[in-house]
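*Asks:* Provided herewith is a single structure, encoded as structure tokens, for subsequent inquiry.
Just so it is clear, none of the values below were taken in a lab; they were calculated from the coordinates. Bear in mind the structure is a predicted one, so any value in this text is a computation, not a measurement. Don't worry about glycine lacking a Cβ; one is built from the backbone with ideal geometry, like all the others, and counts go over all protein chains shown.
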Amino acid sequence: MTSTPANDPLDFLNNAPSMHEEGQAHLIQKLLYEIIRVKELITYYDSIPNGAGQLGSSILNELVTEAYNSLVNYDTILMKKYYELLLNCD
């Protein structure tokens, strides 16, 4: 006989809210966090002497602008795309 442990570490899978309930709000929150984080990276790239970080800064600026536009237009497909892109910026 197999019994279910009292503190099942995978219990969150069964009790997790569905994507339709909280998914979009959660995605917006995560994307906003990544936008803020990448904006801090942009200031770092801008501070590199002799303009050595200008290429990185301009690429990150473009990603942040497009991510923000996806939020403004409430395009969840683009929000997911830019969240994944911003998540991998460093």
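*Asks:* Sorted from fewest to most neighbouring beta carbons within 10 Å, what does the list 66, 84 look like?
*Replies:* Listing 66, 84 from fewest to most nearby Cβ atoms yields 84, 66.
*Asks:* Which of the listed residues, 47, 63, 28, is farthest toward the dipole's positive end in the range 23-87, when Lys, Arg count +1 and Asp, Glu count -1 at the beta-carbon?
*Replies:* The one lying farthest along the dipole's positive direction is 28.
*Asks:* Given axes a ≥ b ≥ c from the Cα gyration tensor, I'd like to know whether the range 23-87 is rounded (a/c under 1.5), prolate (a/b larger than b/c) or oblate.
*Replies:* It is prolate, given that a/c is not under 1.5 and a/b is the larger ratio.
*Asks:* Determine, for 72, 64, the number of other Cβ atoms within 10 Å of each Cβ, and report the residues in order from fewest to most.
*Replies:* 72, 64
*Asks:* Order these by the 10 Å Cβ neighbour count, fewest first: 58, 70, 47.
*Replies:* Ranked by crowding around the Cβ, least crowded first: 47, 58, 70.
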